[in-house]
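Take a look at the structure below.
The values are calculated or read from the model by the stated rules, or taken from the named source; none is laboratory data. In this text the structure is predicted, and so the values were computed from the model without any measurement. Positions of Cβ are backbone-derived with ideal geometry, glycine not excepted, and every protein chain shown enters the neighbour counts. The accessibility values were calculated without ligands, DNA or RNA, using every heavy atom of the protein model including side chains. Shrake-Rupley method; radii C 1.70, N 1.55, O 1.52, S 1.80 Å.
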Amino acid sequence: MQPYLISLLIFTPLLAAFAALLLPAETKNSFRVLTLAVNIFQLLVLVIMLRSWDAAGGLQFLEQRNWITLNLGSWGTLQAQYLVGADGLGLPLVALSVFVMLIATIASWTVYKNVKGYFTLLLILNAAIIGSFTALDFLLFYLFFEFMLLPMFFLIAIWGGPRREYASIKFFLYTLLGSILILIVMIGLYISVHNPATTGKLVHTFSLLDMSNPNNFISNSIFDPNNARMLGPWNVRQWGFLLLFIGFAIKLPMVPLHTWLPDAHVEAPTPISVILAALLLKIGGYGLARIAFPVFPEAALHFSSFVAIMGIVSIAYGALNAMASKDLKRLIAYSSVSHMGFVLLGLASVTPEGVAGAVYQMFSHGIISAMLFVIAGVLYDRTHDRTIANYSGLSGRMPAFTVMVLVAFFASLGLPGFSGFIAEIMVFLGAFKAPGANGLLHESFAIVATVGLVLSAAYYLWTMQRMFFGPFDLKGGITADSIYDLDKREYGMLVPLAIIILLFGIYPQPLIDIIDPFARHFTETVLNTGRNLGVTINP
Amino acid sequence: MPVEMSLNEKLYWIQQSVPGVLPELLLTLGLLLILLAGLNRKVTVDMFPWTTVALLALSALYTGNIWHLHNQPVWAFSGMVRNDTFALYFKLLFDIAGILTVLLTTLSKAHRQNGNGHTDAITAEIQKHRPEFYALLLAVVLGAHLLVMSMNLVMAFISLELISIASYVLAGFSFTRQGAEGSLKYFLFGSVASAIMLYGFSILYGLTGTLNFSDVQFATQLQRLHDSPLFFTAGLMALAGFFYKITAAPMHPWAPDVYEAAPTPVIAFFSVVPKLAGIGILSRFVLAIHAGGPSVFDWQAVLSVVAIMTLTIGNFSALAQKKPKRLMAYSSIAQSGFLLVGVVAFLPQGTQFMLFYASVYMVMTYLVFLYVQYFEDLGFTTIPSFAGLGRAALWPSVFMLVGFIALTGLPPTAGFTAKLFIFSSLWESYQISNKPILLVLLIFGLLNTVVALFYYLRIPYYAFIKNGETGINTNKLTFENLLGLILVLSILILFFSPGLLMGWINKINFVL
């Protein structure tokens, strides 16, 4: 096993960003080529990782180095590590990141404004995203998590649409609010957890692996599961879970914390929308699965119905909003809210099927939403208008584009044969099974959630019919000669995305093989430790 | 300490005490020297900044030397002052801050007249009164030195007055109408605060019979009076004076006017030296009145409430500001709240983390003010005027952005590490005492960060995102940018390895 592959993934873009700073700003193509080279290099590293992946699962490609070790006298030692690794949760998301960043670079080819700044920020963002999906130390995770905000803020605020300033500030403030909630819990956790490997002295650690084991909590510390103090209606650990949940739910985003997303999407340039929907939202789901559930398992079980209901509300509310959207990008943004609800539902079921479905949904939605935003970008590039009502009968003028749109829409609405179907069916299986298997959730949840499927079929098919079929007609001052079919660069983005969607829709086994060991392990530990701790806390 | 001593004993004490206060003696002699030299018209004005830097550097060296010589606190002047690692660390910070202030002053526009044409009135006046300016600067540093060493109420009062009186004059050093207004406000507010504090001190003296607040007698008497409202009132009154110095709410309203009108180097200086000196003596004093053991009056809660108010008022008022200097005034109020969080924890590591915060705070404050002054000299005095600067002056804007990000407390800057540390000690303190007010402070403090982001990003927002035409053409290799780069690097390095500084701070033993 090569123990440096993840570092290669993280630090290559950072080094390239540094190199980009030194290049003269006039050589616009050099930045594009440099970024593309980094993406292709990452793809190669990813191929090596997949080839040497141990099918048994578990954490692999682990790298561990001391980062901050502070001796604080009588209080003990503070330890933060450079601890990265990938498992059945991280690897699919890393693969998704590498692939989507490549698509985003191709989509960025048409950025002409301040090319140097744009690609430098894109490279920094790349490193931060991969870092977040691989960090196993809370402080390191938080560093990458926060480090994503600034490049994203500037990318939306400088290269975005007319209301970009409002949208970027809103995005930044919402996400920062979420990360502050996460920070509160992070501080509480590290002072409560010690590293069991060091004997004789007290080492407060940020390692998520140590935090996930209830034996590592210092007795009488704030998050000590054996001595959880009450604070209003809930005990401290339940509060901890709730804060983490809200923090990550803002990122996910979950209704009612989602309002930043449509604005950010509508204003962001196409490649940034792609990254935002395909990758940044996943960090919310990833954080729940990596941190909130394993660290506070008994609180997660306690709140599982709440989490599931919020998921269902997101599914339904997102779908209804999508149906009412007049702007194509806004529609896709709301469909993201709706689809990320499935992640919540799957995780809340705490069944192998549900959890695997949640991870599968994150991967699949990443690819599908990337494709949807590329599609919106293709149209916007031609006409600078995304109003759905202004188009009609596009299929006659843009046959190839219509095929791509069909693939993306059908995949997103969960038609069998596309990857979205596999993910959603697994989530439903999990949600149906949960009441019988582990007593969580209610039988009705899965039934209500299926309504979401009907709604998403409705808004996609309606949009399809309005924009692509019927007589060819354009409104709102769009000229007919601005409509032409896909060019080579656009094929280069859409075809690989479509292939992956179909591939993982028809033959999902390779991905499931990677996710499954994680899902089973996750379910087992969360259920077992959660129940044990639940007994200790509420005898 | 023995109270009754023969003359011989007293002389012996004084003789013994001198080596411990060498830095302070040096500063005193230096400031007198500068005043005298200023009277001599033959002395060129360029000499003063460098003399001041040399004096401060020597003082820092001596202070470092004392640090190495003694690992135990050393008393001096019959228990009036004490040299311990806590005080020594602060003294080093003051000296460094003094040096940075002098650098900022020399970098101000008066020194770049040839590049810019007209001379700015403010800096011209600094030029004219240079010797006094530097003498006053040294006086404040001297007062700050003495304040953090004080173990006696009278000594604390005298040092505080030394700082205050010199500050009143420095605040008016722009010699404008506004400057005079700010200075007068500062003076009026300051004298009332001093009077209240002195009154509190006298009641405390009456209650305990001693002025030495680290004395056992002080603690035992207060313990006896632990439920006396008079004790509480006296304590509050005494604290009010310190709150005024650190611009903690509700004693903060003087700050914005003073900050707006005073010369930029002076503001940077005000937001670091007197504030940190106030925090230093506050930590000691609070420990002293708290040492009486369980009291009916919860000093931790009092400080928490003050910290919450300071954070909230500072941050929310900053939102509405249109001028960088006023914005920084409210920012400095809010930052006092964060420093107070370190004090509130009442834990040894809380004090250490507070020192880390103080050090980082100094670096980021000077970084931001360096560029506030830089852009002010180029004519950018309101926030909207920064529009488009990001392209015209890329590196200064980026460095300034790093400063603001650090003040907000986002990674990867030491500002984040500092916030992480002080809030850790607050969590820890809550874990031990289980007081809800601490949790409220924790949540308020961290949520305030979101508010802070909103205004800290305003200047970078205009600089990078708003399009604007700026006629400036920057010379990229200025000394500012070198100094700025050093400050930026220290902020980044302290994030990636805070151990470099914490290693030193760990050696600090904070005892009463």
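The set of residues in the range A:135-152 being of a type in the set (F, W, Y), open to solvent by less than 10 Å² (accessible area, probe 1.4 Å) and facing chain B (nearest Cβ under 8 Å) consists of A:Y142 alone. Within the range B:233-255, at least one residue is more than 29 Å from B:N315 (Cβ to Cβ) and open to solvent by 50 Å² or more (accessible area, probe 1.4 Å).
Only one of the numbered conditions (1) of a type in the set (G, A, S); (2) part of a loop (DSSP other than H, G, I, E, B); (3) open to solvent by less than 10 Å² (accessible area, probe 1.4 Å) is violated by B:G182, and that is (2). Within the range A:446-463, restricting attention to residues that are in contact (Cβ under 8 Å) with a residue 40 or more places away in the chain, open to solvent by 10 Å² or more (accessible area, probe 1.4 Å) and under 27 Å from the mean Cα position of the chain (by Cα), the residue that is farthest from A:A408 (Cα to Cα) is A:V448. Where helices (runs of 4 or more DSSP H) fall entirely within the range A:97-187, those with at least 1 residues that are among the basic types (K, R) and closer than 26 Å to B:V398 by Cβ are at A:115-134. Is it the case that some residue within the range B:48-55 is closer than 28 Å to B:R284 by Cα and assigned to a helix (DSSP H, G or I)? Taking every residue of the range B:48-55 in turn, at least one turns out to be closer than 28 Å to B:R284 by Cα and assigned to a helix (DSSP H, G or I). Only a single item in (1) free of Cβ contacts under 8 Å to residues at least 60 places away in the same chain; (2) open to solvent by 10 Å² or more (accessible area, probe 1.4 Å) is not met by B:T208, and it is number (2). For the range A:14-34, give me each residue that is closer than 18 Å to A:A107 by Cα and either loosely packed, with under 12 Cβ neighbours inside 10 Å or within 22 Å of the chain's Cα centre (by Cα) (or both). Listed by number, the list holds a single entry, A:N29. Scanning the range B:67-92 for residues that are at pLDDT 85 or above and either β-branched (V, I, T) or in a loop (DSSP other than H, G, I, E, B) (or both) gives B:M80, B:V81, B:D84, B:T85. Taking (1) acidic (D, E); (2) open to solvent by 70 Å² or more (accessible area, probe 1.4 Å); (3) touching a strand residue (DSSP E or B) at 6+ places or on another chain (Cβ under 6 Å) in turn, A:D473 satisfies each apart from (2). Being within 8 Å of chain A (Cβ to nearest Cβ), surrounded by fewer than 21 Cβ atoms within 10 Å (Cβ to Cβ) and touching a helix residue (DSSP H, G or I) at 6+ places or on another chain (Cβ under 7 Å) is not true of B:P384. Output yes when any residue across the range B:435-447 is among the β-branched types (V, I, T), more than 10 Å from chain A (Cβ to nearest Cβ) and touching a residue at least 24 places away in the same chain (Cβ under 8 Å), and no when none is. Among the residues of the range B:435-447, at least one is among the β-branched types (V, I, T), more than 10 Å from chain A (Cβ to nearest Cβ) and touching a residue at least 24 places away in the same chain (Cβ under 8 Å), which makes the answer yes. If you go through the range A:114-138 and keep only what is farther than 17 Å from A:S273 by Cα and not polar (S, T, N, Q), you end up with A:V115, A:K116, A:G117, A:A127, A:I130, A:G131, A:F133, A:A135, A:L136, A:D137, A:F138. The residue pairs whose first member lies in the range A:206-227 and is farther than 16 Å from A:L78 by Cβ and within 10 Å of another protein chain (Cβ to nearest Cβ), whose second member is in a helix (DSSP H, G or I) and of a type in the set (D, E, K, R), and whose beta carbons are closer than 6 Å, counting only pairs six or more residues apart or on different chains, are A:F223/A:R237. Exactly one residue out of A:G178, A:G200 is open to solvent by 40 Å² or more (accessible area, probe 1.4 Å) and more than 8 Å from chain B (Cβ to nearest Cβ), and it is A:G200.
If B:L340 satisfies all but one of (1) touching a Ser or Thr at 6+ places or on another chain (Cβ under 7 Å); (2) open to solvent by 10 Å² or more (accessible area, probe 1.4 Å), what's the number of the condition it fails? Unmet condition: (2).
For the range A:486-509, filtering for residues that are in a helix (DSSP H, G or I) and open to solvent by less than 60 Å² (accessible area, probe 1.4 Å) leaves 13. Of all the criteria given as (1) facing another protein chain (nearest Cβ under 9 Å); (2) open to solvent by less than 30 Å² (accessible area, probe 1.4 Å), the one not satisfied by B:A414 is (1). Only helices (runs of 4 or more DSSP H) whose full extent lies in the range A:348-452 are considered here, and the ones with at least 2 residues that are of a type in the set (D, E) are A:352-383. The test for being surrounded by 24 or more Cβ atoms within 10 Å (Cβ to Cβ), closer than 22 Å to A:S456 by Cβ and of a type outside the set (K, R) holds for A:L261.
Which members of the range A:159-173 meet the condition of being closer than 18 Å to B:R458 by Cβ and at the interface with chain B (Cβ under 10 Å from one of its Cβ atoms)? Those that are closer than 18 Å to B:R458 by Cβ and at the interface with chain B (Cβ under 10 Å from one of its Cβ atoms): A:R164, A:E165, A:S168, A:I169, A:F172, A:L173. Of the candidates A:L83, A:L43, the single residue that is within 22 Å of the chain's Cα centre (by Cα), open to solvent by less than 10 Å² (accessible area, probe 1.4 Å) and away from chain B (no Cβ under 14 Å) is A:L83. For the range A:46-78, a residue qualifies if it is of a type in the set (G, A, S), within 14 Å of chain B (Cβ to nearest Cβ) and either outside any loop (DSSP other than H, G, I, E, B) or open to solvent by 50 Å² or more (accessible area, probe 1.4 Å) (or both), and the qualifying residues are A:G73, A:S74. Return the residues of the range B:449-460 that are within 9 Å of chain A (Cβ to nearest Cβ) and either open to solvent by 40 Å² or more (accessible area, probe 1.4 Å) or within 12 Å of B:F338 (Cα to Cα) (or both); say none if nothing qualifies. Scanning the range B:449-460 gives B:T449, B:F454.
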